[in-house]
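This report refers to the structure that appears directly beneath it.
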């Protein structure tokens, strides 16, 4: 149920989104640490296994059988497959790239959604929106730097992940009309876990320490809590209110990359990320102004 649009509820929504961005930054940091020691497919699978276990334990007392209610099986299955693919691409890229690089490319998603909406939904883009999109993709090129010595092929994994994530967001917007937030995040994670199980077990390597098991559980916790909180945040505040606060995740990822892995992004990556973020915020401002 949507809450009234007032200052208190907007603050709650912003607080939930802030916690969401922290969860996702910690998830990527933990995943980057793990994929340096364990097979990527195994880490991705266990991220979803722990997601399902923890989310079920936390949400079942409140939601009961509603957690398992699926009204659109085909689209739910597609969403689960996309979630598995996106997480796999992201974790694979994290083996080779800095957190700041993968995070910056991820925030090109609003630009891609605008393009997809124009191409597939017939939405009109005026000159200002086209300028924001072109500027944003110029920022992505600053991060990728194709043809330079700094270019790493793994960056293409992050680009493909961003493309999938844009389509994933559009699919989620359609599904929230029929599925509950609790069911949507749990069933997608369960579907991803089932899909990935054969591939993960084929490369299974026993985690060497309790610390690795703890990080795997943390990945599941942050993934489940993050997806649930962002869905709840949209019940308290509009997307226009919450949108600018989603971009704080790039700050947390940059700081964690420096703190945990001693990785400092180059000036070109920082500049490209700033261009991408500003372009996305400008698109959001145009949307708010239009409404």
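Each value in this text was obtained by applying a stated rule to the coordinates, not by laboratory testing. Just so it is clear, the model here is predicted, and its values are computed rather than measured. Quick reminder, even Gly has a Cβ in these numbers, built from the backbone with ideal geometry, and neighbours come from all protein chains shown.
Could you tell me whether the chain comes out rounded, prolate or oblate from its Cα gyration tensor? Rule is a ≥ b ≥ c as square roots of the eigenvalues, rounded for a/c under 1.5, then prolate if a/b exceeds b/c, otherwise oblate.
oblate
What relative contact order, as a whole-number percentage, does the chain give when Cα pairs under 8 Å and 6 or more residues apart are counted?
It comes to 44 percent, rounded to a whole number.
Using a Förster distance of 45 Å, how high is the FRET efficiency between residue 262 and residue 65, based on the Cβ-Cβ distance and rounded to 0.05?
0.40
Do you know the relative contact order of the range 1-118, to the nearest whole percent, from alpha carbon pairs under 8 angstrom that are 6+ apart?
35 percent.
Sequence gap at least 6, Cα distance under 8 Å: using those rules, report the relative contact order of the range 168-291 to the nearest whole percent.
25
Could you sort the peptides 64-73, 105-114 by per-residue average Cβ neighbour count (10 Å cutoff), highest mean leading?
Packing proxy ranking, top to bottom: 105-114, 64-73.
Classify the range 10-50 from the C-alpha gyration tensor, please: rounded if a/c falls under 1.5, else prolate or oblate depending on whether a/b exceeds b/c.
Because a/c hits 1.5 or more and a/b exceeds b/c, the range 10-50 counts as prolate.
Take the alpha carbon atoms of the range 195-250, find their center, do the same for the range 265-288, and report the distance between the two centers in whole angstrom.
24
Run the simple label-point estimate for residue 135 and residue 177 please: 7 Å along Cα→C-beta, distance reported in nm.
Inter-label distance under the simple model: 3.3 nm.
Which order do peptides 228-237, 175-184, 87-96 fall in by mean Cβ count within 10 Å, highest first?
87-96, 228-237, 175-184
Rounded if a/c is under 1.5, else prolate if a/b beats b/c, else oblate: with a ≥ b ≥ c from the C-alpha gyration tensor eigenvalues square-rooted, which is the range 144-183?
Verdict is prolate for the range 144-183.
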